[in-house]
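Student: Take this structure first; my questions come after.
Bear in mind that the values in this text are calculations on the coordinates, not laboratory data. None of these values were measured; they are calculated from a predicted model. Glycine also receives a Cβ, built like all others from the backbone with ideal geometry; neighbour counts cover every protein chain displayed.
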Amino acid sequence: MNVERGCRPKQTYRTKTDAKRVVRLMGARNREAFNLYHCEACGYYHVGHLIPAIFRARVVPNWSRPAVRVVRRPRTGATAGVG
């Protein structure tokens, strides 16, 4: 991950304690849930929104995706011969 691009706009916290304090404050002010995580790229802690499992993207391996065949049907009706 590019630290300049990925971590630069985020607020960083040196310790887990500081990040926990911010999570509690943000949770008290907003109805949303927040979590903290240790960033491997920059070595600091970040606070982010906790995304419910129902909204998280599910990773599906390529081999389990069904093949889709797109069939183009000829036009019928009043607009078929116009042009």
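Student: Which Rg and Dmax, in Å, describe the Cα atoms of segment 12-53?
Tutor: So, for segment 12-53, Rg and Dmax equal 10.4, 29 Å respectively.
Student: With each pseudo-label sitting 7 Å past Cα toward Cβ, what's the ALA33-ARG8 distance in nm, one decimal?
Tutor: Label at ALA33, label at ARG8, 3.3 nm between them.
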